[in-house]
Each structure stands twice: as C-alpha cells, then as structure tokens.
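Single-structure report; data block below.
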Amino acid sequence: EAGVAQSPRYKIIEKRQSVAFWCNPISGHATLYWYQQILGQGPKLLIQFQNNGVVDDSQLPKDRFSAERLKGVDSTLKIQPAKLEDSAVYLCASSTDGLAGFYEQFFGPGTRLTVL
Amino acid sequence: SQKIEQNSEALNIQEGKTATLTCNYTNYSPAYLQWYRQDPGRGPVFLLLIRENEKEKRKERLKVTFDTTLKQSLFHITASQPADSATYLCATDDYKLSFGAGTTVTVRA
C-alpha cells in the first residue's frame, strides 16, 4: 500500500514570498491533516479535513496560511507571505476517519521549509 | 489545552539495556495516550495506544503504562538495539492530537 506522498521535500524561500505544499493521502482515507513541526518541538495540528470539509483549523494562522482539499483527495497548503518563524517541517497525515474514537494517522515524509 | 512534557534530555544507553521515557500531561486525563517513533527526515510512525482505563500495554519489546493519578505515561524499550535509536513522541488525543517535544534515544552497540 502506498504511503502519504508530499512534495516538494525541501523548499528555501525569502521572507514575504509565497510557497505551496502538496499532499496525496493514502487511497480511501477520508481524513487529512496538516501539521507544522518546528525544530525541537512536536508536530502541531494546523488543519484537519474530513473529505473536502474543514473539521478543525483553530491553530491555522489564517492571515497568511490557507489550505484546500477540493475533491476530497489531495490537498495543498499555502503560505503567503512567509515569515522567518514559518521555517519548519510541514507534515501531512491521513486516516480512514477522524471524527470520533481512535484512527491511526499515517504521516508523510514532510516538506522542510527554510525562510531566509 | 493539554500541555505534554517529555524528558528534555536525550537518552544514551547501551545495547541490551532498557530505555524508559516519561510523558507527563497537565490537564484532564485523555481518552487515549499514544506513542510515536520519528526518524530523522521522516514523519512520525504510530507505535502504541493506551486507553485511560488500561494500566499497561505491550507490543513486542515495547511496554507502555498509564497512571491517571500521576498524569503520567512511561514508555519502555526492553533489550534495546541500535535500530531503536530515534526520537519518541507521546501524544494525547482530546479530539485532536497534541504532541510532546519528544525524547531522542541513542542505543550504543
């Protein structure tokens, strides 16, 4: 079974530029998550989708971050404009469901973003 | 929101010994407490889940305990091997996962 795919793996941009990350979850997984992991910290949930609807985006800095999952499959996360403090690894995860109870989350390899 | 604290110092142990990692949470007892492994350059991988009504869970050489009185979970790797070297993350599940910062374990051959 193919895992969660993410691209690009690495991205270096200057502050105030825009950047987009792409995620393709495991086939059939209804729930998709984007996490931000700053060096030395654990992942922090930015947004959770159930199919193409948003379940939780309470920790997404909406003034600069946006995410979509238009057809309920793959997803993009965008930062515009980027700040130095956005330097982190952006992880995408998926699960068969995620609304109640435990569903194992499967993580992709992440995109390492460096903002100069 | 829940605050998760893990041993901040890295753990360096000899092959064959038992590694014990600590995870403390500050607020209410979560319905589940989960442990993940993360290797450099990769996403976390789920290892074990323990429910609030379970005292202990085992999977091969891994053992997790959950003490709701102490608000603490312990994660043990017995008969450790160099391949166990990684960062281990604990996470509580209160409708969304909240992760600790992780503890890095290095097992020396």
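Output yes when any residue across the range B:32-52 is aromatic (Phe, Trp, Tyr) and either open to solvent by 70 Å² or more (accessible area, probe 1.4 Å) or away from chain A (no Cβ under 11 Å) (or both), and no when none is.
yes
So how many residues does the range A:31-65 have that are open to solvent by 20 Å² or more (accessible area, probe 1.4 Å), in contact with a strand residue (DSSP E or B) (Cβ under 9 Å, 6 or more places away or on another chain) and either away from chain B (no Cβ under 14 Å) or of a type in the set (Phe, Trp, Tyr) (or both)?
Residues that pass the stated criteria total 4.
Which residue pairs have Cβ atoms under 7 Å apart, sit 6 or more places apart or on different chains, and have a first residue in the range B:76-100 that is touching a residue at least 24 places away in the same chain (Cβ under 8 Å) and a second that is charged (D, E, K, R) and open to solvent by less than 30 Å² (accessible area, probe 1.4 Å)?
B:Ile77/B:Asp84
Taking the range A:89-116, which residues are touching a Gly at 6+ places or on another chain (Cβ under 9 Å) and hydrophobic (A, V, I, L, M, F, W, C)?
Result: A:Val89, A:Leu91, A:Cys92, A:Ala93, A:Phe106, A:Phe107.
Hey, could you check the range A:4-30 for residues that are within 12 Å of the chain's Cα centre (by Cα) and among the aromatic types (Phe, Trp, Tyr) and say which is most open to solvent (accessible area, probe 1.4 Å)?
A:Trp22
Can you tell me which residues in the range B:61-109 are closer than 14 Å to B:Gln38 by Cβ, open to solvent by less than 30 Å² (accessible area, probe 1.4 Å) and either among the acidic types (Asp, Glu) or more than 11 Å from chain A (Cβ to nearest Cβ) (or both)?
Answer for the range B:61-109, where residues must be closer than 14 Å to B:Gln38 by Cβ, open to solvent by less than 30 Å² (accessible area, probe 1.4 Å) and either among the acidic types (Asp, Glu) or more than 11 Å from chain A (Cβ to nearest Cβ) (or both): B:Phe75, B:Asp84, B:Ala86, B:Val105.
The values are calculated or read from the model by the stated rules, or taken from the named source; none is laboratory data. Given the structure is predicted, the values throughout are model-derived calculations rather than measurements. Virtual Cβ from ideal backbone geometry, glycine too; neighbours counted across all protein chains shown. Side chains included, ligands, DNA and RNA excluded: accessible areas come from the protein's heavy atoms. Shrake-Rupley method; radii C 1.70, N 1.55, O 1.52, S 1.80 Å.
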